[in-house]
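Just so you know, all these numbers are worked out from the coordinates, no wet-lab data involved. On a predicted model such as this, the values are computed, not experimentally measured, just so you know. Quick reminder, even Gly has a Cβ in these numbers, built from the backbone with ideal geometry, and neighbours come from all protein chains shown.
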Amino acid sequence: MNRKILLIVLSVCFWGVVQTFSQSVREQKRNRCFQPKEVWYDTEGNPINAHGGGILYHKGTYYWYGEYKTGATTLLSDVGWECYRTDVTGISCYSSKDLLNWTFEGLVLKSVPEDSSHDLHPSQVLERPKVIYNKATKKFVMWAHVDYADYGKAAAGVAVSDTPTGPFTYMGSFRPNGEMSRDQTLFVDDDGTAYQFSSSENNQTMHINRLTPDYTAPDGTYVRRFVGMSREAPAVFKYDGRYYMLSSGCTGWDPNQAELAVADSVMGEWTVLGNPCRGVDSDKTFYGQSTYVIPVQGRKNDGRFIVCFDMWNKKDLPDSRYIWLPLVMDGKGALSIPWQSEWDMTFFDRQ
Ligand code: DGJ
């Protein structure tokens with residue numbers, strides 16, 4: 001073998017060793033189980049930064065959208081309540097095939113520092129983004145809670161994109177049907193009709209607003225539900241033909257008891273079922289607050305859901321963590337959320 005061939009063989013071997021080594025490093029770093037309350041790292045090794053978020057499943061990939069919180073947490077004085085905040089930086093997006101390992105796709109909606117009158121100026125509030133896909137328009141539609149620093153605006157902002165990873169174009173904000181809108185979520189029914197659930201009437205009453213066919217505005221039909229019950233952080237899902245709403249009470253960034261409610265139709269009458277959390281600290285939602293319930297794809301109608309909670313750290317909001325837990329049917333046929341400090345998808349197989 002002449003020297004040139006020997007050099008090529010050695011280089012190929014070296015490249016192979018490097019590849020195998022980096023593959024094994026990647027394997028070691030892979031998340032293998034959910035660890036609620038622990039720092040959750042993305043595929044680049046950075047803490048996942050997507051708070052108050054929602055998940056979209058599209059063409060074999062999950063997308064996680066959330067509030068991207070960085071910088072100092074400050075306390076706004078003279079508002080009469082504990083108004084901790086960080087400046088708005090934007091809405092982040094992560095993608096995943098397995099719900100455990102998430103790749104950062106960047107900020108899909110960015111703050112607008114150059115215009116102090118803009119809804120997305122850093123001095124404002126941008127919370128609880130949710131994205132849904134409109135099959136007719138082929139657009140990805142984001143709704144979020146848009147507010148002044150003192151939460152006096154109480155509006156919903158809408159942005160659209162041609163792709164799940166953005167960039168989203170901001171269309172503006174409004175009060176749905178002229179009513180206040182703070183904590184909010186979106187729900188698309190099997191017939192393609194979409195609804196916004198929002199804490200309205202100064203967080204006293206939940207409004208369920210039906211959306212226009214393109215999902216970018218309310219269509220004028222809405223109902224008032226949970227009247228005077230101060231529900232926040234709504235997360236809506238459908239199971240076995242019935243509609244469920246998980247929500248929190250209204251205590252700022254501090255935890256309180258979760259509540260599950262059920263209805264036979266989205267805009268129909270809702271019946272409160274009580275607290276679905278089980279185990280230690282279940283009366284405080286394990287120190288979390290609901291944000292989304294993910295229907296896990298894979299097996300048809302098998303009732304596998306993951307419930308996503310935020311564990312807010314009000315004095316250091318960027319260090320807020322996540323609590324993802326399985327939703328299961330308990331022995332009495334009721335939906336429950338048992339606490340687990342560590343679990344993986346095989347948990348569902350054991351049920
Ligand atoms: C509770 C809400 O659920 C959060 O999204 C946030 O708005 C805080 N209140 C602010 O105190």
(request) Pull out a ≥ b ≥ c, the square roots of the eigenvalues of the alpha-carbon gyration tensor of segment 164-214, then state rounded if a/c is under 1.5, prolate if not and a/b is larger than b/c, and oblate in the remaining case. (result) oblate
(request) Tell me the label-point distance for the pair D344, V223, using the 7 Å Cα-to-Cβ offset, in nm and rounded to one decimal. (result) 4.3 nm
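What does the C-alpha gyration tensor say about the overall shape of segment 199-259? Classify as rounded when a/c is under 1.5, otherwise prolate if a/b is larger than b/c, or oblate.
On the way: a/c = 2.14, a/b = 1.40, b/c = 1.52.
Because a/c hits 1.5 or more and a/b fails to exceed b/c, segment 199-259 counts as oblate.
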(message) What are the ³J(HN,Hα) couplings of segment 229-241, residue after residue, when phi is run through the Karplus curve with 6.51, -1.76, 1.60 and θ = phi - 60°? Round to Hz, x for glycine and proline.
(response) 9, 6, 9, 10, 6, x, 9, 10, 8, 10, 9, 6, x
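Can you tell me the length gained on complete extension of the stretch Y57 to E38, counting 0.36 nm per residue apart and subtracting the Cα distance?
Computed gain between Y57 and E38 is 4.4 nm.
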(request) Calculate the dipole size of the chain relative to its Cα centre from +1 charges on Lys and Arg beta carbons and -1 charges on Asp and Glu beta carbons; express the result in debye to the nearest 20. (result) 1200 debye
(request) Can you tell me the 0 to 90 degree angle between the C-alpha axis of helix 3-29 and the longest principal axis of the chain, rounded to 10? (result) 30 degrees
(request) Evaluate the chain: find the radius of gyration of its Cα atoms, find its Kirkwood radius, and give the ratio Rg to Rh. (result) 1.02
(request) Rounded, prolate or oblate: pick one for segment 220-302, where a ≥ b ≥ c are the square roots of the eigenvalues of its C-alpha gyration tensor, a/c under 1.5 means rounded, and failing that, prolate if a/b is larger than b/c, else oblate. (result) oblate
(message) 5 Å is the cut-off here: which amide hydrogens, built 1.01 Å from N in the peptide plane, fall below it relative to S341, excluding neighbours closer than 5 in sequence?
(response) none
(request) Mind checking which of G288, V328, N313 is farthest towards the positive end of segment 219-344's charge dipole, using Cβ charges of +1 (Lys, Arg) and -1 (Asp, Glu) about the Cα centre? (result) V328
(message) Give me the one-decimal nm value for the distance between modelled label points at D162 and D264, 7 Å along each residue's Cα-to-Cβ direction.
(response) 4.6 nm
(message) Test of understanding: in a Gaussian network model of the chain with alpha carbons linked when under 10 Å, which of A149, A136, A217 would top the mean-square fluctuation ranking?
(response) A136
